[in-house]
Amino acid sequence: MFNGLFDTLLNRKPPVPDAFARLFLEALQARGYTEPLTYRPDEFRLVGASGRTIHLHNAYHAYT
């Protein structure tokens, strides 16, 4: 509730999906995640060499 108010008052705009993917990947790496991940923008997900897939849709909607 207050997030929307503060966003309006402070003129903050949510990141575009590609920027969010970079933020998400950087946050994972800052917390010690070491597996290389490839961002697939057409699918809006991160995919690791092991096949691990992180779908970003729900996280993006929660973030924004």
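Multiplying the sequence separation of Ala59 and Val16 by 0.36 nm and subtracting their Cα-Cα distance, what value in nm do you get?
On the way: separation 43, 0.36 × 43 = 15.48 nm, distance 1.29 nm.
Length gained, Ala59 through Val16: 14.2 nm.
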Notebook entry, point to check: Under a plain spin-label model, where a point goes 7 Å from the Cα along Cα-to-Cβ, how far apart in nm are Ser50 and Thr34?
Noted result: 1.1 nm
Note to self: Sort Leu37, Leu23 by Cβ crowding within 10 Å, fewest neighbours at the top.
What the structure shows: Leu23, Leu37
Next item on the list: Within region 13-63, report the trypsin sites (Lys or Arg not before Pro) that DSSP leaves as loop and that have at most 15 other Cβ atoms within 10 Å.
Entry: Arg31, Arg52
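When a/c reaches 1.5 or more, the comparison of a/b and b/c decides; with that in mind, is region 15-63 rounded, prolate or oblate per its Cα gyration tensor?
oblate
Just so you know, all these numbers are worked out from the coordinates, no wet-lab data involved. Predicted model only: the values in this text are computed from it and were never measured. Note that each Cβ is placed from the backbone with ideal geometry, even for glycine, and that neighbours are counted across all protein chains shown.
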